[in-house]
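Written below as structure tokens is the structure these notes are about.
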Amino acid sequence: VNSEDVKRTAELAKGIETLVRQTNAVSEQANNLATAIRSDAQVTGAWGEAQLKRVLELGGLQESVHYDCQETFASPGSDRKDLRTDVLVKMPDDRWLVIDAKTTMAAYVDYVKAEADESAAQVREVSRERIVASVKNHVDELKNAAYHRNLSATTGKKLLNTMLMYIPFDEVFLIAMKAEGNVAGERVLL
């Protein structure tokens, strides 16, 4: 009986050791992914665009039939093609609607971490302000791109005067809307 117990204990210890190694490997991969998503704007942007495409697909829309992705065009007064839409959705009367995905990953991750730590109220407040500032900057970027003028002129597509900004995190949108009227004592309109 003792011999069998020793054998089972050894097998159990070996199994636990294997499980610990695998858990550490998965944890390291998750940390690497989180670091890549937080620190690389292109990775974060690509993730946001993928989420937007998934929402459109879940809504029954098909790429190249109901919407086009990554339409690139020249900015006004330039031959360089440096402006790009994330999605153009085909609308009635041969018109198009621009949807641009915007993420606020780093500030949101910091906010969530601070929310878990009750002693980090100041970090949470700074992160909240960063989220609001980031969303406001995204709105300003879209406004300055003036897709409805610039894209129509270079591609011939008739765009609606309205465009949508897709934020893949509902909580980021809610934080920005709640804080809209009070950022560092100033009224901020998104």
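The values are calculated or read from the model by the stated rules, or taken from the named source; none is laboratory data. The structure displayed is predicted, hence computed values, not measured ones. Don't worry about glycine lacking a Cβ; one is built from the backbone with ideal geometry, like all the others, and counts go over all protein chains shown. Protein only, heavy atoms only, side chains kept; ligands, DNA and RNA dropped before computing areas. Shrake-Rupley method; radii C 1.70, N 1.55, O 1.52, S 1.80 Å.
Below are the figures for this structure:
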item	result
Every pair of residues 6+ apart whose Cβ atoms lie under 6 Å, when the first sits in segment 44-55 and is over 13 Å from Ala106 (Cβ atoms) and surrounded by 20 or more Cβ atoms within 10 Å (Cβ to Cβ) while the second is modelled with pLDDT of 90 or more and among the aromatic types (Phe, Trp, Tyr)	Leu52/Tyr166
Failed item, numbered, when Leu33 is tested on (1) more than 17 Å from Thr155 (Cβ to Cβ); (2) modelled with pLDDT of 85 or more	(2)
Test: residue in segment 77-85 that is open to solvent by 60 Å² or more (accessible area, probe 1.4 Å), at pLDDT 80 or above and either in contact with a helix residue (DSSP H, G or I) (Cβ under 9 Å, 6 or more places away or on another chain) or assigned to a helix (DSSP H, G or I) (or both)	no
Flag for Val65 being among the hydrophobic types (A, V, I, L, M, F, W, C), open to solvent by 60 Å² or more (accessible area, probe 1.4 Å) and over 23 Å from Met105 (Cα atoms)	yes
Condition check for Gln122: open to solvent by 20 Å² or more (accessible area, probe 1.4 Å), under 23 Å from Leu159 (Cβ atoms) and over 14 Å from the mean Cα position of the chain (by Cα)	no
Residues being open to solvent by 40 Å² or more (accessible area, probe 1.4 Å) and in contact with an Asp or Glu (Cβ under 9 Å, 6 or more places away or on another chain) - total across segment 137-156	2
Residue under evaluation Ser127, criteria (1) farther than 14 Å from Ala106 by Cα; (2) part of a helix (DSSP H, G or I), criterion not met	(1)
Residue tally, condition of a type in the set (Lys, Arg) and crowded, with 17+ Cβ neighbours inside 10 Å, over segment 100-116	1
